[in-house]
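Written out below as structure tokens is the structure these notes cover.
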Amino acid sequence: MRFVEHEKLNSCVHCGLCLAACPTYVELGTETDSPRGRIHLMRALEDGALEPTAEVMRHLDLCLGCRACEPACPSGVPYGALIEAARPFLERHRAWSRRMARRALVAVLTRRALGAAAFRPLRLAGRLSGRLATRSRWLALAAAVPRPANGEPLPATIEPLGRPRGTAALMTGCVAASLFSATNRATARLLVHAGVRVVVPRAQSCCGALALHLGAAERARVLAKRQAYAFAATGADWMVSNAAGCGAVLRDYGHLLPGDPHAAMVARRARDALELLAELGLPAPVRPLAARVAVHDPCHLAHGQGVRAAPRTLLASIPDLQLVELDEADTCCGSAGTYNLTERAMADRLLARKLDRIRASGADVVAAANPGCLLQIRAGLIGRGLDVTAEHPIDLLAVAHGLGP
């Protein structure tokens, strides 16, 4: 075995029902850029019938890892596991310069101190960009970065009024902690508002998702092990994330760290914040929000975790808020972890498609429950000069419940 078990590869019967669900196939129309085409390439690599040339790696690198093919597959092919197994194998065959660049990206994005330092100049550029943001992809991205949130860090434990309905361990993330700390605070407040005790493990770090995207499997396992131990030590009833990509990898800890009881426990108890809030219920909102809101389904929330109804159910409870239909709501926006940094051309094509659908919806606000999607879509809206904002559903809910600005 070079990188993956044969039985997983052989579960694909090449029926083609995945084709219409694959964003890169829809854009390019080439078999090698479809799920079944990539499985064919992976099988040839595994058998040694094909070498990982630049052309082969290009087709596999263009995979978003969005897992949209999984719900469409009648055979239950674990495509996400296949492409994640292939990435470390491909990484060993890259040109030295590109491999070092990707390792540097892993280091920056999975270490909070480095990430925070890297985002400071981006924030400064965003403040100074003004109208130039519509002329430059990078200035639009800089303008999309939220300004630093005021307020104290979250305490280690937050108690609700009355007897707790349970305890949630809140994952604050790496990129989310640096850029979306206000959303983390809003998540904690909403959970407490729902009667939940919230604990914020001090020993937590990056969950490992971004390292997996870049083929750094060993780094991902180190991070996942650290995270699993920190969260399992809380004994919480739920391990909660407000970032779709992080939540999806938490649910997969049992496979990422086989035989580790802490990882298995975290995987069993992992929940998306919106999913848990919808299940537990919230008091009636106290503020109306007069807005037309379209919901974008992040890939790792809809396809990776199977959470679709929760954001819509919660948002529909807000007075004066009107949910509007977004065509291709669960099609990838092109963010896909680090994809918009490593595969810019395709990421831009997918973003353009998403922006066309948003404009056609007539929405004032796009709600997206993932930091990467928010930055990608917000940058696209700014770049096009569209009068639409992109917000996390958690932040909208916090305002409606009188818990946020």
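The numbers here are math on the coordinates, done by the rules we state, and not lab data. These figures come from a predicted structure and were not determined experimentally. Note: ideal-geometry Cβ built from the backbone for every residue, glycine included; neighbour counts use all protein chains shown.
Treating only the Cβ atoms of Lys and Arg (+1) and Asp and Glu (-1) as charged, compute the dipole magnitude of the chain about its Cα centre; round to the nearest 20 debye.
Charge dipole of the chain: 1360 debye, to the nearest 20.
In the chain, which longest range has no trypsin sites (Lys or Arg not before Pro) that are both DSSP loop (not H, G, I, E or B) and surrounded by at most 16 other Cβ atoms within 10 Å?
Here the longest run is 203-307.
Using r as the Cβ-Cβ distance of residue 61 and residue 327, and R0 as 30 Å, what FRET efficiency do you calculate, to the nearest 0.05?
Step by step, r from the Cβ atoms, then E = 0.60.
If I take every Cα pair under 8 Å that is 6 or more residues apart in the range 6-94, average their sequence separation and divide by the length, what percent do I get for the relative contact order?
With pairs under 8 Å counted, the relative contact order is 35 percent.
How much FRET efficiency would the formula 1/(1 + (r/R0)^6) give for residue 292 and residue 49, where r is the Cβ-Cβ distance and R0 is 45 Å, rounded to 0.05?
0.25
Need the C-alpha centroid separation for the range 173-247 versus the range 282-326, integer Å.
22 Å
For the range 284-400, report the translational diffusion coefficient in µm²/s to the nearest whole number, using Stokes-Einstein at 10 °C, 1.306 mPa s, and a Kirkwood Rh over Cα pairs.
It comes out at roughly 112 µm²/s.
Using Rg and Dmax of the Cα atoms in Å as the read-out, say which of (1) 20.6, 64; (2) 23.8, 89; (3) 48.0, 192 was calculated from these coordinates.
This structure yields the entry labelled (1).
With charges set only on the Cβ (+1 for Lys and Arg, -1 for Asp and Glu), what does the dipole of the range 157-278 come to about its Cα centre, in debye to the nearest 20?
In total the dipole reaches around 220 debye.
Report, in deg cm²/dmol and to the nearest 500, the calculated mean residue ellipticity at 222 nm for the chain, where each DSSP H run with n ≥ 4 adds -39500 (n - 2.57) and the sum is divided by the residue count.
-15000 deg cm²/dmol
For the chain, with the dipole built from +1 on Lys and Arg beta-carbon atoms and -1 on Asp and Glu ones, taken about the Cα centre, which of 310, 371, 141 lies farthest toward the positive end?
141
Might you report the magnitude of the Cβ-based charge dipole of the range 134-225 about its Cα centre, with Lys and Arg at +1 and Asp and Glu at -1, to the nearest 20 debye?
Magnitude of the dipole: close to 120 debye.
Out of 85, 382, 154, whose Cα points farthest toward the positive end of the dipole of the chain (charges: +1 Lys, Arg; -1 Asp, Glu; placed on Cβ)?
The residue sitting most towards the positive pole is 154.
Which value in nm describes the separation of the simple spin-label points at residue 14 and residue 96, placed 7 Å from the Cα toward the beta carbon?
About 3.9 nm separates the two model spin labels.
What spacing in nm lies between the two simple spin-label points modelled at residue 202 and residue 229, each 7 Å away from Cα in the Cβ direction?
With each label point 7 Å from Cα toward Cβ, the separation is 1.7 nm.
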